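Peer 1: Got a structure for you, written out below as structure tokens; questions coming shortly.
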Amino acid sequence: MTESFEKWPDLAGRIEGRRHILPVRVYFEDTDFSGLVYHANFLKFIERGRSDFIRLLGIHHHELERGLGLSEGAPSFFVVRHMELDYLRPAQIDDLLEVVTWLDQLGRASMTLIQEVRRDERVIFRAKVVVVLISKAGKPQRMGELMRQALSPVMPDGEDD
């Protein structure tokens, strides 16, 4: 455990079952001239959710970048390949939101994640996000056994790969 995790154990949210939940408060800086959350800021919220989800599973971006065992030993990075977004309801300043993230599919070099932003249990934004593990040269990089083991607690039911 790192010192920051010991001091702030809930900073990265929590994993409940197979889902990661990250609390987010809407600040003035998140809103636009209408007083509602600017549409692109929902992407920031879900990026934090994805990053903290894999961080809590023991997959750290800086370790991937240094090639420390979770991929095929070479420096690698997760990049977004595809997104499907649904803006269902607006959010505004001081709203307390939850970003809920779960693994939908796991491929050899990719993950498909479902993410929802909720306010009072009601879904206000939904995304389907495909991320790919790539090498520094930009080529897909197979996820190593250590990464697959780290992801195993959140694997979807019936996942064979």
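The values are calculated or read from the model by the stated rules, or taken from the named source; none is laboratory data. In this text the structure is predicted, and so the values were computed from the model without any measurement. Cβ coordinates were reconstructed from backbone atoms using ideal geometry, including for glycine residues, and neighbour counts include every protein chain displayed.
Peer 1: Residues of the range 21-39 being under 27 Å from Leu57 (Cβ atoms) and loosely packed, with under 13 Cβ neighbours inside 10 Å, which ones?
Peer 2: Pro23, Arg25
Peer 1: What residue, of Glu47, Glu29, Glu63, is assigned to a helix (DSSP H, G or I), out of contact with any helix residue (DSSP H, G or I) (no Cβ under 8 Å at 6 or more places or on another chain), over 29 Å from Gln141 (Cβ atoms) and among the acidic types (Asp, Glu)?
Peer 2: Glu29
Every residue, every condition in (1) among the aromatic types (Phe, Trp, Tyr); (2) modelled with pLDDT of 95 or more; (3) closer than 30 Å to Leu36 by Cβ; (4) surrounded by 14 or more Cβ atoms within 10 Å (Cβ to Cβ), yes or no:
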position: Trp102; (1), (2), (3), (4): yes, yes, yes, yes
position: Glu116; (1), (2), (3), (4): no, yes, yes, yes
position: Val131; (1), (2), (3), (4): no, yes, yes, yes
position: Ile134; (1), (2), (3), (4): no, no, no, yes
position: Pro156; (1), (2), (3), (4): no, no, no, no
position: Asp160; (1), (2), (3), (4): no, no, no, no
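Peer 1: How do the strands (runs of 3 or more DSSP E) wholly within the range 77-161 filter down when requiring 1 or more residues that are in contact with a Ser or Thr (Cβ under 8 Å, 6 or more places away or on another chain), touching a residue at least 12 places away in the same chain (Cβ under 8 Å) and farther than 30 Å from Phe28 by Cα: which remain?
Peer 2: Fully inside the range 77-161 and qualifying: 96-106, 122-135.
Peer 1: Next question. Test Ala74 against the stated conditions and say whether it is in contact (Cβ under 8 Å) with a residue 40 or more places away in the chain, out of contact with any helix residue (DSSP H, G or I) (no Cβ under 9 Å at 6 or more places or on another chain) and not β-branched (Val, Ile, Thr).
Peer 2: For Ala74, the condition - in contact (Cβ under 8 Å) with a residue 40 or more places away in the chain, out of contact with any helix residue (DSSP H, G or I) (no Cβ under 9 Å at 6 or more places or on another chain) and not β-branched (Val, Ile, Thr) - is met.
Peer 1: Still on this structure: For Phe125, which of the numbered conditions (1) modelled with pLDDT of 95 or more; (2) surrounded by fewer than 18 Cβ atoms within 10 Å (Cβ to Cβ); (3) more than 14 Å from the chain's Cα centre (by Cα) fails to hold?
Peer 2: Unmet for Phe125, out of (1) modelled with pLDDT of 95 or more; (2) surrounded by fewer than 18 Cβ atoms within 10 Å (Cβ to Cβ); (3) more than 14 Å from the chain's Cα centre (by Cα): (2).
Peer 1: With the requirement that a residue be more than 20 Å from the chain's Cα centre (by Cα) and among the hydroxyl-bearing types (Ser, Thr, Tyr), what does the range 25-43 give you?
Peer 2: The answer is Tyr27, Thr31, Ser34.
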